[in-house]
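Inspection log for the structure reproduced underneath, given as structure tokens.
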Amino acid sequence: MAVNYTVIREREGPMEGHNFVQLANVQKYGQKTLYCGGLDIHQWGNPEKMPLNLLLQANMGVYGFRNDGKINESAPAFSFYLQVVQLAMVNQRMVERFAGLLAAIEDYVCYVVEIAVKKCNVRVFKPQSAFYEQFGPSGMFLLQRIRAYIRQLEEELDIRIICMLDCKRGDIDTTQAAYFRGFLGNLRAWGIDHTPFDFDMINVTPFMGKDVLVLEDKKGNPLYGLKLLREGKGIIVVDKTSNPSGPDYQDQTFKDLDEDLTFSEVVARDIYLLCQKHGLEQDGLAPFGLVVGSTHPCDGSLRRVFPTYTGLNPGFGAQKGDFMNVMLELIRTGKWNGLGGIFSASRGTLFPYVEKYGGSGKVANLEADLIVAIDRHREQEREAYKNPLVVEAGIEYPFDIVA
């Protein structure tokens, strides 16, 4: 049966509620998958064995493939980055190379986003900040311009596109408030009406405690994080990660309130209690998410202690994540049954032509390979809902397919 996933050009209805409610609506009625396109740019070539010129060629051969791997000096983005790079670089001999590479990366990432949105009806994206920050100030402009392009697509197509930033910040409340202003909020506190990035959600590390959420001061007065949550923004708490050594700490067990809980479960339970304390749930969903990697098995225990969370589930694709590692953490009852997850694939999204990711091996086939990769994800996802353990748990396939 041929399946039609062409972009729907009308909004699925009013996008009300905080951003996790909007995300659930986008997933259920818009893109009809939990798929999330990761926008993590990687370098190509072997820096230990290749000279500088060949390394640049290797990277331009990928990111600049639409211009035959050459620097496109006539592109408006090149002129922009040339000005930015000249201000930031000491080695002036590298200015044109650097500007050309950044312009090529912007063109490549925006092209992938355009294909994913217009040809595959994907509405959820997640860049990783570090891959942009490595370029210094110029990289932050690159991230900002890609975010602006996604906003432009929202307006052009009259659809909602959720864009979250993977930045894993976690600090004392005053420092964290600055992160929130930059990535989520507005600079009004400085007398400037400007939103530098305006991401829908970011993730935070909870090691320093609830201070990283910036909800209230010691006297219970509301702080900036709580204001942002009440305005609709989302915060994703790093909890059960996809890296190999994550379980070394996250699966450690503690006696807590006369119950044995893992560290991950304690974090989830505490975030849920904060959500309840401040009355932040809307339409049965919390404005908090949890990072729950797809590379380690989960049995639904996080859902038990935090029934209204949405999981950010990285690790699909290159990290060999498995659907069944996270399926039992999805919502089991009610309106959002079968949702409650964000299945993130990065390298498989940006580089779907790579053979080990199931592609053709040719970057020129990027569009066709990306369409195939996302269709394949949808089919594998659909099969995961048929697993007997998932069915027994009461988790239902939440998407209506248009034949």
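Of the helices (runs of 4 or more DSSP H) lying entirely inside region 188-296, those carrying at least 3 residues that are closer than 30 Å to MET15 by Cα and of a type outside the set (Val, Ile, Thr) are 224-231, 263-277.
Somewhere in region 188-196, is a residue under 17 Å from MET164 (Cα atoms), in contact (Cβ under 8 Å) with a residue 12 or more places away in the chain, surrounded by 14 or more Cβ atoms within 10 Å (Cβ to Cβ) and not charged (D, E, K, R)?
So far as region 188-196 goes, yes, one or more of its residues are under 17 Å from MET164 (Cα atoms), in contact (Cβ under 8 Å) with a residue 12 or more places away in the chain, surrounded by 14 or more Cβ atoms within 10 Å (Cβ to Cβ) and not charged (D, E, K, R).
Within this structure, PHE351 fails the test of being in contact with a strand residue (DSSP E or B) (Cβ under 9 Å, 6 or more places away or on another chain) and surrounded by 23 or more Cβ atoms within 10 Å (Cβ to Cβ).
Restricting region 141-159 to residues that are acidic (Asp, Glu) and assigned to a helix (DSSP H, G or I) leaves a set whose member that is surrounded by the fewest Cβ atoms within 10 Å (Cβ to Cβ) is GLU155.
Which is more than 18 Å from the chain's Cα centre (by Cα) and under 16 Å from VAL122 (Cβ atoms), of VAL372, VAL354, VAL363? Answer to the selection: VAL372.
Before we move on, is PHE323 touching a His at 6+ places or on another chain (Cβ under 8 Å), farther than 16 Å from GLN250 by Cβ and either of a type in the set (A, V, I, L, M) or touching a residue at least 60 places away in the same chain (Cβ under 8 Å) (or both)?
So PHE323 does not fit the description; no.
Please go through region 205-250 and give me each residue that is acidic (Asp, Glu) and surrounded by fewer than 21 Cβ atoms within 10 Å (Cβ to Cβ), ordered by number. Answer for region 205-250, where residues must be acidic (Asp, Glu) and surrounded by fewer than 21 Cβ atoms within 10 Å (Cβ to Cβ): ASP211, GLU216, ASP217, GLU231, ASP248. Summed over region 72-95, residues that are surrounded by 13 or more Cβ atoms within 10 Å (Cβ to Cβ) and farther than 15 Å from SER138 by Cβ total 3.
Restricting the search to region 151-192, which residues are under 16 Å from LEU226 (Cα atoms), in contact with an Asp or Glu (Cβ under 6 Å, 6 or more places away or on another chain) and of a type in the set (A, V, I, L, M, F, W, C)? Correct list: ILE172 only. Of the residues that make up region 96-117, is at least one touching a residue at least 60 places away in the same chain (Cβ under 8 Å), crowded, with 23+ Cβ neighbours inside 10 Å, part of a helix (DSSP H, G or I) and among the aromatic types (Phe, Trp, Tyr)? Within region 96-117, none of the residues are touching a residue at least 60 places away in the same chain (Cβ under 8 Å), crowded, with 23+ Cβ neighbours inside 10 Å, part of a helix (DSSP H, G or I) and among the aromatic types (Phe, Trp, Tyr). For ILE202, are the conditions met, namely being surrounded by 20 or more Cβ atoms within 10 Å (Cβ to Cβ), closer than 19 Å to GLU231 by Cα and under 18 Å from the mean Cα position of the chain (by Cα)? Judged against the criteria, ILE202 is a match.
Return yes or no: is GLY61 at positive phi and small (Gly, Ala, Ser)? Criteria not met by GLY61.
Remark: pairs (first residue in region 52-77, in contact (Cβ under 8 Å) with a residue 60 or more places away in the chain; second residue surrounded by fewer than 17 Cβ atoms within 10 Å (Cβ to Cβ) and part of a helix (DSSP H, G or I); Cβ separation under 7 Å; 6+ apart in sequence or on different chains) = PHE65/ALA364.
SER138 - would you say it is among the hydroxyl-bearing types (Ser, Thr, Tyr) and loosely packed, with under 15 Cβ neighbours inside 10 Å? In short, no. In the set (1) surrounded by fewer than 19 Cβ atoms within 10 Å (Cβ to Cβ); (2) in a loop (DSSP other than H, G, I, E, B), the condition left unmet by GLY185 is number (1).
For region 275-301, residues that are hydrophobic (A, V, I, L, M, F, W, C) and either surrounded by fewer than 18 Cβ atoms within 10 Å (Cβ to Cβ) or under 20 Å from the mean Cα position of the chain (by Cα) (or both) total 6. Candidates are the residues of region 362-403 that are among the acidic types (Asp, Glu) and outside any helix (DSSP H, G or I); the one that is surrounded by the fewest Cβ atoms within 10 Å (Cβ to Cβ) is ASP400.
Only the coordinates and a few stated rules stand behind these numbers; no lab work does. On a predicted model such as this, the values are computed, not experimentally measured, just so you know. Cβ: placed from backbone, ideal geometry, glycine included. Neighbour counts: every protein chain shown.
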